[in-house]
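Trainee: For reference, the structure I am asking about is given below.
The values are calculated or read from the model by the stated rules, or taken from the named source; none is laboratory data. Computed from a predicted structure; not experimentally measured. All Cβ positions, glycine included, derive from the backbone under ideal geometry; neighbour counts span all protein chains shown. Surface accessibility is based on the protein's heavy atoms, side chains included, excluding ligands, DNA and RNA. Shrake-Rupley method; radii C 1.70, N 1.55, O 1.52, S 1.80 Å.
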Amino acid sequence: MSRIILFNVTGQDKPGLTSGITSIMAEHGLEILDIGQSVIHDTLTWGILVRLLDEDASDPVLKELLFHFHKMDLQVRYQPVTESQYEDWVQAQGKDRYIVTLLSRCVTAEQVARVSGITAAHGLNIDRITRLSGRVPLDQNSADARACVEFSVRGTPEDLQRVRADFLQLSSEMDVDIGFQEDTIYRRTRRLVVFDMDSTLIEAEVIDELAIEAGVGEEVAAITEAAMRGELDFAGSFRKRLALLKGLDEAVLETVAARLKLTEGAERLIGSLKQLGYKTAIVSGGFTYFAEYLQQRLGIDYIHANTLEIVDGKVTGEAKGRIVDASRKAELLRELAEKEQCRLEQVIAVGDGANDLEMLAAAGLGVAFRAKPLVKQSARQSISTLGLDGILYLLGWRDTDLDALHH
């Protein structure tokens, strides 16, 4: 008869602990069924589930192990596991898995309590909690801080939309971002990231900046805001705003491009994606002149946007070719995925406006970035608290891994 035992060990972390313990187990021919460890502030928590093929030999093994734990100043708790309990545990591996990502400037106990409370309320069990953000100095300015904790959860909630809605409500109440996504193979094999440009990669709406130069800033800004909220048809509002720019001098484009400010985290995100081998694209309802400017500055692989018609050095108030509206954005995303020979599940889309919703829905991971309420409610993921580089946490990347890329 075999015997299954679960050991839980805690104590001060030091080199060679795992080697010493498992070497004793190896001498007695133990089989390891499960193993895991974590270290928090130099304190080790270590667990191992083992099977002794010869039950009669269990006492000598236990004595030797307990003596070793005592010698190494480790606290240990062990308990037998029946074969039926073990089989129940094995069967549980078929349950659905999800990743809950808590993003904040500073993670608090209340945030973790509320997040874990929602998972429990929907029948989801937390398997693992991991800090993805780096260690935070006590004197760090909270306005510049990034904090992220990832929860790996398992279960089959009755209503996934209700889970998402509860997390969205909590995000609003506590001024945090909470990602909730299936833990599938595609989450770890994303290959293409498609960005909106205006108010996503850059802080401004370029057409509004051009309108300021043309002396029609307030009028155009009001139309833009209504369009981004989904109150106006994008193509119609775009033509209306563009017509107001008629007669603008071509030289103004360079002036506006020079003052464009990148969104927080944009350079770190794009730089990391490039180092990790992702392809990047801008698919924008803005203008190719500015998309090309960002392409050169950030090293973007593909750009698709509207082309301003310019005659004799003046903007005519019209655009060349098909307008890049909501449906065109989704269409271009699919074309880029096909060009890169990747599945839509491997595509990430990022945008802020109502005209991005079709694109966000088509991608495997759609992220509403600092978006209007309508867009946040419709998108599966949203980030409003951190910068664009918060997306790296949704992909499961740790700060320590990413920092190593840039050194």
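Trainee: Can you find a residue that is in a strand (DSSP E or B), within 27 Å of ALA371 (Cβ to Cβ) and at pLDDT below 95 anywhere in the range 273-289?
Mentor: yes
Trainee: Within the range 275-294, take every residue that is open to solvent by 10 Å² or more (accessible area, probe 1.4 Å) and among the hydroxyl-bearing types (Ser, Thr, Tyr) and give me the one that is farthest from LEU245 (Cα to Cα).
Mentor: TYR278
Trainee: Name the helices (runs of 4 or more DSSP H) wholly within the range 295-407 that hold at least 1 residues that are open to solvent by 20 Å² or more (accessible area, probe 1.4 Å) and under 27 Å from GLY179 (Cβ atoms)?
Mentor: 326-339, 357-362, 373-378, 399-405
Trainee: So if I check each of ALA266, ALA305, ALA258, which one is small (Gly, Ala, Ser) and without any contact (Cβ under 8 Å) to a residue 12 or more places away in the chain?
Mentor: ALA258
Trainee: Scan the range 251-260 and give yes if some residue there is under 30 Å from ARG398 (Cα atoms) and open to solvent by 10 Å² or more (accessible area, probe 1.4 Å), otherwise no. Please lay out each step first, then the result.
Mentor: If we filter the range 251-260 for residues that are under 30 Å from ARG398 (Cα atoms), which is where we start, we get 260.
Among the residues that remain, those that are also open to solvent by 10 Å² or more (accessible area, probe 1.4 Å) are: 260.
Yes, that holds for at least one residue.
Trainee: Separate question: Can you tell me which residues in the range 40-54 are of a type in the set (Val, Ile, Thr) and surrounded by 11 or more Cβ atoms within 10 Å (Cβ to Cβ)?
Mentor: Those that are of a type in the set (Val, Ile, Thr) and surrounded by 11 or more Cβ atoms within 10 Å (Cβ to Cβ): THR43, THR45, ILE48, VAL50.
Trainee: Show the residue pairs meeting these rules: Cβ distance below 8 Å; 6+ apart or different chains; first residue within the range 34-46 and closer than 16 Å to VAL149 by Cα; second residue of a type outside the set (A, V, I, L, M) and open to solvent by 70 Å² or more (accessible area, probe 1.4 Å).
Mentor: Close Cβ pairs satisfying both conditions: SER38/THR45; VAL39/THR45.
Trainee: Return yes when LEU210 is at negative phi and crowded, with 20+ Cβ neighbours inside 10 Å and no when it is not. Show your work before the answer.
Mentor: Details: at negative phi: yes; crowded, with 20+ Cβ neighbours inside 10 Å: yes.
In short, yes.
Trainee: Further, regarding this structure: Any idea which residue in the range 7-52 is farthest from the chain's Cα centre (by Cα), counting only those that are assigned to a strand (DSSP E or B), of a type outside the set (S, T, N, Q) and farther than 22 Å from GLN85 by Cα?
Mentor: It comes out as GLY11.
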